[in-house]
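Trainee: Sharing a structure below in structure tokens format, with a few things to ask.
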Amino acid sequence: MSTSPAALDASRCADLCNHFRTLYGEACRIYRAPGRINLIGEHTDYNNGFVMPAAIRFYCWTAIATSKDRTVEVYSTNFKERRSFHLDHPQPQRNWCDYVQGVALMLEESGIRLPGARILISSEVPIGSGLSSSAALEVATGFALLDTQYKTWNRRQLALACQRAENEFVGTRCGIMDQVIACHGKADHALMLDCRSLEQRFLRFPENLRLVICNTMVKHENAAGEYNTRRAECEEGVRLLARKFPTLKSLRDLTRDEYENFEKLLPPVIQKRCRHVMSENRRVLAAAGALEKQDLRNLGALMAASHHSLRHDYEVSSPELDLMVELANQIQGCYGARMTGGGFGGCTVNVVAAETVSRFQNQVSKEYKARTGIVPEIYASTACEGAGVGQ
Ligand code: GLA
């Protein structure tokens, strides 16, 4: 008999409480925030466009107890390291603790005076695999720091503060998708998010569908640098097109015809980047319609087109991601497959009929190992709730 998710969560909390007591000699409160997949809408968030993520059953857990001083001590079970910082003198350390410090700093900058704290962090989200381990850490930390005494903050404010922490303190110019879904995830639903207005629409997954995540186990170097370059290329595209459309702020404000009439003004590489963003926004809107009608064939076709565009126009895929998608597409019962997250290695997301999951796992895993020599990790999840209090 398999253990229920609730029982697993309860035992996870009990283990964390014991670990916390051993480390710091006191009782704690527990919070958590999930990782995510993105079904479609890649590299559109920082272009003020549309995305469609879902929270997955991998959580970053934070256990916390406050103290009277202004020192924050943090232990990570993933890195097996203890770090600390002073709330009055935040200094980047260039390691995982910067996410914690960055969030504390942004909360303080928005007028909240935090107490010192002892924190224990333990994350199930595979780190650096495109499943948004950073946002899970930021949001789980933010929840813990806030809920100790300030309950008036809403999730949207927290998501924005966490994004600022990553942009301004850690130095990655990420969009808002990951932090929003970590805060707002809803069981059994994908979130259609307008990244400009932050308007949300939840779309229910058909009951017998699973989100299967294939980890290529490969992460290419300088993914963060390439990410920032792509973002700058899009900004350059908007700047050049604004010569023809003076009020233009984002690519989404152009119709397809307007863009196609003037794309030749752009240098070839910028043209490719903008073409991806323009077409990906259209695909997200179409995918929302497909999911609403439970038209999985159409959803799958849109996912395939998204992967193709990310591979050839945005150039953020990798041979391993392409192979993983190719193998998934050979399995009957797999409706759609594409890379998910920032790219340059990491994971694919696959929409698979529940009864097909174990065949999918066996076959893709065997073929991927035969072709690359790498043993992949393949996880199956349903869409889950966003951040909250642990038990
Ligand atoms: C990373 C970023 C997100 C988003 C994706 C690409 O996950 O954190 O903001 O830009 O890449 O869609």
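Trainee: First check a/c for segment 282-340, with a ≥ b ≥ c the square roots of the eigenvalues of its C-alpha gyration tensor; if it is under 1.5, answer rounded, and if not, answer prolate when a/b is larger than b/c or oblate otherwise.
Mentor: Values: a/c = 3.36, a/b = 1.34, b/c = 2.52.
Since a/c reaches 1.5 but b/c is at least a/b, the shape of segment 282-340 is classed as oblate.
Trainee: Under the Kirkwood approximation applied to all pairs of distinct alpha-carbon atoms, what is the hydrodynamic radius of segment 297-380 in Å?
Mentor: Details: mean 1/r = 0.0781 Å⁻¹.
By the Kirkwood definition, the hydrodynamic radius is 12.8 Å.
Trainee: Considering only DSSP beta bridges where both residues belong to the chain, give the percentage that are antiparallel (nearest 5).
Mentor: Details: 51 of 56 bridges.
Here the antiparallel bridges make up roughly 90 percent for the chain.
Trainee: Grab the Cα-Cα distance for ARG282 and GLU385, subtract it from 0.36 nm times how many residues apart they are, and report the gain in nm with one decimal. Please report the intermediate quantities before stating the final value.
Mentor: On the way: separation 103, 0.36 × 103 = 37.08 nm, distance 2.71 nm.
Roughly 34.4 nm would be gained on extension.
Trainee: In percent, what relative contact order does the chain have, based on Cα pairs under 8 Å that are 6 or more apart in sequence?
Mentor: Worked out over the chain, it gives 24 percent.
Trainee: Further, regarding this structure: To the nearest 0.05, what FRET efficiency results for THR22 and ASP147 with a Förster distance of 30 Å applied to their C-beta separation?
Mentor: E(calc), rounded to 0.05, equals 0.80.
Trainee: Using only the alpha-carbon atoms, how far is helix 357-372 inclined from the longest principal axis of the chain? Give it as 0 to 90 degrees, nearest 10.
Mentor: With rounding to tens, the tilt is 80 degrees.
Trainee: What angle do you read, to the nearest 10 degrees and between 0 and 90, between the alpha-carbon axis of helix 133-147 and the longest principal axis of the chain?
Mentor: Around 40 degrees separate the two axes.
Trainee: What list of ³J(HN,Hα) values in whole Hz, one per residue of segment 19-35 in order, does the Karplus curve 6.51 cos²θ - 1.76 cosθ + 1.60 (θ = phi - 60°) give from phi, with Gly and Pro shown as x?
Mentor: For segment 19-35, the Karplus curve yields 4, 4, 5, 5, 6, 10, x, 8, 7, 9, 10, 10, 10, 7, 9, x, x Hz.
Trainee: Something else: Under 18 Å Cα to Cα from LYS369, which lysines show up? Leave out anything in the same chain fewer than 8 places away.
Mentor: LYS219
Trainee: Let me ask something else about it. Is segment 159-221 rounded, prolate or oblate when judged by the Cα gyration tensor, a ≥ b ≥ c being the square roots of its eigenvalues, rounded requiring a/c under 1.5 and prolate requiring a/b larger than b/c?
Mentor: Judged from the Cα gyration tensor, segment 159-221 comes out oblate (a/c at least 1.5, b/c at or above a/b).
Trainee: Excluding SER122 itself, what net charge comes from residues whose Cβ is under 12 Å from its Cβ, given Lys and Arg +1 and Asp and Glu -1?
Mentor: Taking every other residue near SER122 into account, the sum is +1.
Trainee: Do you know the relative contact order of segment 83-146, to the nearest whole percent, from alpha carbon pairs under 8 angstrom that are 6+ apart?
Mentor: 32
Trainee: List the relative contact order of segment 57-96 as a percent without decimals, with contacts defined as Cα pairs under 8 Å and 6+ residues apart.
Mentor: Once divided by the residue count of segment 57-96, the mean separation gives 29 percent.
Trainee: Next up: Nearest 10 degrees is fine. How inclined is helix 268-292 to the longest principal axis of the chain, computing both from alpha carbons?
Mentor: 80
Trainee: Just how large is the dipole of the chain about the Cα centre, in debye to the nearest 20, putting +1 at every Lys and Arg Cβ and -1 at every Asp and Glu Cβ?
Mentor: 180
Trainee: Highest mean first, how do 25-31, 270-276 rank when packing is the count of other Cβ atoms within 10 Å averaged over residues?
Mentor: My ranking of the peptides, most packed first, is 270-276, 25-31.
Trainee: Please say if segment 105-246 is rounded, prolate or oblate, where rounded means a/c under 1.5 for a ≥ b ≥ c the square roots of the C-alpha gyration tensor eigenvalues, and otherwise the choice is prolate for a/b larger than b/c and oblate otherwise?
Mentor: It is rounded, given that a/c, with a ≥ b ≥ c, falls under 1.5.
Trainee: Something else now. If you put +1 on each Lys and Arg Cβ and -1 on each Asp and Glu Cβ, how big is the dipole of segment 304-391 around its Cα centre, in Debye rounded to 20? Don't skip to the end; give the middle numbers.
Mentor: Details: 6 positive and 9 negative charges, 44 e Å.
The calculated dipole for segment 304-391 is roughly 220 debye.
Trainee: How about segment 203-296: which GluC sites (Glu not before Pro) there lie in a loop by DSSP and see at most 13 other Cβ atoms within 10 Å?
Mentor: GLU207, GLU221
Trainee: Rg/Rh for segment 249-391 to two decimals, with Rh computed the Kirkwood way over all alpha-carbon pairs.
Mentor: Dividing the radius of gyration by the Kirkwood radius yields 1.03.
Trainee: Lysines within cross-link reach of LYS186: Cα-Cα under 20 Å, excluding same-chain residues under 8 positions apart?
Mentor: Leaving aside lysines fewer than 8 places away in the same chain, those within reach of LYS186 are LYS293.
Trainee: Which value results for Rg/Rh of segment 242-329 when Rg is the Cα radius of gyration and Rh the Kirkwood radius based on the inverse mean 1/r?
Mentor: 1.04
Trainee: Using a Förster radius of 30 Å, what is the FRET efficiency between GLU258 and LYS293 based on their Cβ-Cβ separation? Nearest 0.05, please.
Mentor: 0.55
Trainee: Turning to a different aspect of this structure: Stretch ILE112-ARG156 to full length: gain in nm at 0.36 nm per residue minus the Cα-Cα span?
Mentor: Stretched fully, the ILE112-ARG156 segment lengthens by 14.2 nm.
Trainee: Quote the FRET efficiency, to the nearest 0.05, computed for GLU168 versus ASP88 with a Förster distance R0 of 25 Å and r equal to the Cβ-Cβ distance.
Mentor: After rounding, the FRET efficiency stands at 0.90.
Trainee: Add -39500 (n - 2.57) for each DSSP H run of 4 or more in the chain, then divide by its residues: what number comes out at 222 nm, to the nearest 500 deg cm²/dmol?
Mentor: Computed ellipticity for the chain at 222 nm equals -13500 deg cm²/dmol.
Trainee: Something else now. For the chain, restrict the atom set to alpha-carbon positions and state the Rg and Dmax in Å.
Mentor: My reading of the Cα-based Rg and Dmax gives 21.0, 67 Å.
We did not get these values from a lab; they are worked out from the coordinates using the rules stated. These numbers come from a predicted model, not from an experiment. Note that we place each Cβ from the backbone using ideal geometry, even for glycine, and neighbour counts take in every protein chain shown.
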